[in-house]
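**Student:** This is the structure I want to talk about, given as structure tokens.
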Amino acid sequence: MAANQVFPTKGNLIALKKSHALAKTGYELMDRKRNILTREMMSLLDDVRLLRDEITMAYQRAYFALQQANMSLGVISDIVEAVPIDTGIHVTYRSVMGVEIPKLIYDKEACELTYGLARGNSKLDYAYRCFHQVKELSVTLAEVENALYRLANAIRKSQKRANALKNIVIPEFEYNIKWIAEALEEKEREEFSRHKVIKKKKDQKQAIGS
């Protein structure tokens, strides 16, 4: 809203001052939201770094164990098919400044072998347990990484809106408020001068008439 699009009236000045106050409040709230979300995200960063390192090692250990099992038993794809699908994961959400953060609830089950002992050996058992650990770590990592993604996205939007308010909207309101205030003051001075001239002429006529 440019100054030349605003009529210099008291009504517009009052409206602009109200909008300016709302914009400043909006900026403060947006800035506070951004800071809270940033703190929340920073608290998760260390967790995700540790989890990524841990899951990388777990995957390396599991695939090495799988290679050992394949070498001792041959290709074990038929045994793998006997492993049941895990359906024990449920999602709930918690709100942080309006951002929905997922919380994965995993109904962990005991690591029980699902294939016959006659078809496996200790190497296969070890590989099975390694991948069971990978699964549990993957659930935790998925929860934390999804939370980080949502927080980062919300922070980016909050930053963009806060910058727009701080650098565009609020300065524009301040400029228009100043412009209208100065225009009204100038109008009042002109009106005052006009009244003085009229009063002077009126006094002169009264003096002549008396």
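Coordinate-derived values only; no laboratory data. The shown structure was predicted, so the numbers you read here are calculated from the model rather than taken from an experiment. Every residue, glycine as well, gets a Cβ built from its backbone with ideal geometry; the counts of neighbours run over all protein chains shown.
**Student:** Can you list the HN-Hα couplings for region 137-149, worked out from phi with the Karplus curve (6.51, -1.76, 1.60; θ = phi - 60°), rounded to whole Hz and with x for Gly and Pro?
**Tutor:** 5, 5, 4, 5, 5, 4, 5, 5, 5, 5, 4, 4, 4
**Student:** Determine the shape class of region 17-75: with a ≥ b ≥ c the square roots of the Cα gyration tensor eigenvalues, call it rounded for a/c under 1.5, and otherwise prolate if a/b is greater than b/c, oblate otherwise.
**Tutor:** Prolate shape, in that a/c is at least 1.5 and a/b is the bigger ratio.
**Student:** Any lysines with Cα under 20 Å of the residue 160 Cα? List them, leaving off those in the same chain fewer than 8 positions away.
**Tutor:** 24, 33
**Student:** While we're here: In whole Hz, with x marking every Gly and Pro, tabulate ³J(HN,Hα) for region 45-56 from phi via Karplus 6.51 cos²θ - 1.76 cosθ + 1.60, θ = phi - 60°.
**Tutor:** 4, 5, 4, 5, 5, 5, 5, 5, 5, 5, 6, 5
**Student:** For region 1-157, how big is Rg over Rh, using alpha carbon atoms and the Kirkwood form of Rh?
**Tutor:** Over the Cα atoms of region 1-157, Rg/Rh equals 1.33.
**Student:** Between residue 103 and residues 5 or more places away or on another chain, which pairs have amide H atoms under 5 Å apart, with H built 1.01 Å from N, and which residues are they?
**Tutor:** Hits under the 5 Å cutoff: 92, 93, 94.
**Student:** So what J values fall out for region 162-175 if you push phi through Karplus, 6.51 cos²θ - 1.76 cosθ + 1.60 with θ = phi - 60°, rounded to Hz, Gly and Pro as x?
**Tutor:** The phi angles translate into 4, 5, 5, 5, 5, 9, 10, 5, 5, x, 5, 4, 4, 5 Hz.
**Student:** Quick one: putting +1 on the C-beta of Lys and Arg, -1 on the C-beta of Asp and Glu, what dipole do you get for the chain around its Cα centre, in Debye to the nearest 20?
**Tutor:** Computed charge dipole of the chain: roughly 2140 debye.
**Student:** Sticking with this structure for a sec: Only Lys, Arg, Asp and Glu count, each charged at its Cβ (+1, +1, -1, -1), so figure out the dipole size of region 82-157 about its Cα centre, rounded to 20 debye.
**Tutor:** Result for region 82-157 is approximately 280 debye, rounded to the nearest 20.
**Student:** Using the Cα centre of the chain as origin and beta-carbon charges of +1 (Lys, Arg) and -1 (Asp, Glu), tell me which of 79, 179, 41 is placed farthest towards the positive end of the dipole.
**Tutor:** Of the listed residues, the answer is 179.
**Student:** Considering the convex hull of the alpha carbon atoms of region 101-210, report its projected area averaged over all viewing directions, in nm², one decimal.
**Tutor:** One quarter of the hull surface, i.e. the mean projection, equals 12.5 nm².
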